[in-house]
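Beneath this line is the structure, given in structure tokens, with notes to follow.
The numbers here are math on the coordinates, done by the rules we state, and not lab data. Here the structure is a predicted model, which means the values were calculated and not measured. Ideal geometry is used to build each Cβ from the backbone, glycine not excepted, and the neighbour counts take in all protein chains shown.
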Amino acid sequence: PPPAIPPATGDIIGSEKAATETAKRDVEALQQSTEEERKKAEEKKSRGRKKGRIRELEEIRAELAESELVLLGKERELLERDQTVQVLREELALERRVQALLTQQREKAEEETALAIRLCTGASLPP
């Protein structure tokens with residue numbers, strides 16, 4: 001038969017086992033709480049990154065909005081210039097038409113004057 005362990009020694013071994021199990025549970029609890037804290041820290045970090053990224057995206061959106069306003073202004077200026085050029089071209093075309101009409105009228109007036117002079121001179125000349 002195995003040697004008998006005195007009752008006091010059995011209590012020590014039992015209490016050591018209990019202490020070891022308690023220590024193991026404490027270590028596991030500590031590891032678990034450390035793991036939870038690490039996860040929370042990672043979530044916080046992730047949220048911080050997300051917030052930073054969101055701020056960055058908002059800044060980019062604001063810059064794009066400003067750029068869009070500048071481009072719209074430039075587009076408006078170009079349209080105004082284009083309209084001005086079109087108006088000037090139309091005015092030039094009208095001036096050319098008026099010049100052509102005036103030239104025709106002058107030539108017609110010169111022909112009429114020459115005809116009138118010939119008629120007057122021919123009528124006053126004896127036959």
Which residue out of A100, A93, A18 is surrounded by 10 or more Cβ atoms within 10 Å (Cβ to Cβ), among the aliphatic types (A, V, I, L, M) and over 57 Å from the mean Cα position of the chain (by Cα)?
A18
Report yes if some residue within the stretch 34-46 is surrounded by 10 or more Cβ atoms within 10 Å (Cβ to Cβ) and within 25 Å of the chain's Cα centre (by Cα); otherwise report no.
no
